[in-house]
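Colleague: Sharing a structure with you now.
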Amino acid sequence: MSTVTETLAPAPADAPRRRRLLTPGAVVATLLLVGIVGAVALAPVLAPGGYDAQDVASRYTAPTWFGAHPLGTDELGRDILVRVLYGGRPALGISVVAALLSTALGLTLALLAALGGGLWDGLLGRVADIQLAIPSILLALVVLAFAGTGFVPLVTVLSIGAWVLTFRILRVHAGTVAALPYIEAARLGGARTWSVLWRHVLPASAPLLIVALTLNFSSVLILESSLGYLGLGVQPPRPDWGQLVASGQAQLAGAWWISLIPGALIVLTVVSLQVIGDRLADHFSLATRKEH
């Protein structure tokens, strides 16, 4: 988090020019992410038979590119390719909703802290520090133990665990924008706080929202998968990436593909999001420096 905040912080005017937005790494990460999300979204089309179809005669079939089961089967003969495609739907769907909500919450609090200053800034900063001191997984375990594992409790705990990242990123930038002369002139001219936020500070902070949303998505996906692994995420028989990793843990020695393949998809998705987020942060920080 500190690395991202430092990347987005103002820099001297003579700072060296950064690379262009479309680097080879960013292109590969984008294509990989689009491919994974597209395949998951089209799961009912690519695998119309459903995720729970069993073929006991094909139990523990190893992956083979030219066979009926390219990524192998599990202990019940269920196709791993089909299950990871369907398992990505709740994992990515819940993560997207939680990332949007956490980004919106972090943005709102960051703008209030930047423009309110004084008591508001100090209070929200301390709340963010307290939130950082509590491990997100611990908070999620406590909440889900009482609230259950439905869609709303999952989205709630994931959103609460991720808003601080957006707050930290946008608080630095929004504070810089709020101190600019034209913002001070608008406030002295009688403009209301919400008007200043909506018309001036928010548009100037909009590019960083994309960065915050990308980074939030990756952190939320990790937490969602961790909860699924612990049995507190999406419940069987519906598959989920974290749940699939846990289901094959006992067979790692003889049937490694049951856990390794969904685990690899989680890693690839998160790494792709991080690469894209870092590249966007690098690009937009340069654009902001040029404007101001």
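Colleague: So if R0 is 22 Å, what FRET efficiency would VAL127 and ARG238 give, r being the distance between their Cβ atoms, rounded to the nearest 0.05? Before the final figure, lay out each step's value.
Modeller: Values: r = 35 Å, r/R0 = 1.60.
The calculated FRET efficiency here is 0.05.
Colleague: Let me ask you something else. What's the exposure ranking of ILE137, ILE94, going from fewest to most Cβ atoms within 10 Å? Don't skip to the end; give the middle numbers.
Modeller: Numbers: ILE137 16, ILE94 22.
Going from least to most buried by this count: ILE137, ILE94.
Colleague: Would you mind getting me the FRET efficiency between LEU138 and ALA185? Use the beta-carbon distance for r and R0 = 51 Å, nearest 0.05. Provide the component values of the computation, followed by the final result.
Modeller: Numbers: r = 46 Å, r/R0 = 0.91.
That pair, LEU138 with ALA185, gives E of 0.65.
Colleague: Right, next: Tell me, VAL127, VAL45 in order of fewest to most beta-carbon neighbours within 10 Å? Can you show the working numbers first?
Modeller: Numbers: VAL127 15, VAL45 9.
With the sparsest Cβ surroundings first, the list reads VAL45, VAL127.
Colleague: Have a look at LEU268, GLY189, PRO203 and report the one farthest towards the positive end of the charge dipole of the stretch 187-282, computed about the Cα centre with Cβ charges (Lys/Arg +1, Asp/Glu -1).
Modeller: Comparing the listed Cα positions along the dipole, GLY189 ranks first.
Colleague: Please report the net charge: other residues with Cβ closer than 15 Å to the Cβ of ASP55, K and R +1, D and E -1.
Modeller: On the way: positive: ARG59, ARG78, ARG83; negative: ASP52, ASP74, GLU75, ASP79.
That works out to -1.
Colleague: Once the Cβ-Cβ distance between ALA104 and ASP52 is put in as r, and R0 is 25 Å, what FRET efficiency do you end up with, to the nearest 0.05? Write out the running numbers ahead of the final one.
Modeller: Details: r = 35 Å, r/R0 = 1.42.
My answer for the efficiency is 0.10.
Colleague: Which order do HIS173, HIS200 fall in if you start with the one that has the fewest other Cβ atoms within 10 Å? Write down the numbers at each step before the final one.
Modeller: Working: HIS173 26, HIS200 19.
Listing HIS173, HIS200 from fewest to most nearby Cβ atoms yields HIS200, HIS173.
Rule-based calculations on the coordinates, nothing more; no lab input. This one's a predicted model, so the numbers in the text were calculated from it and none came from an experiment. Counting neighbours? That spans all protein chains shown, and the Cβs are built from the backbone with ideal geometry, glycine included.
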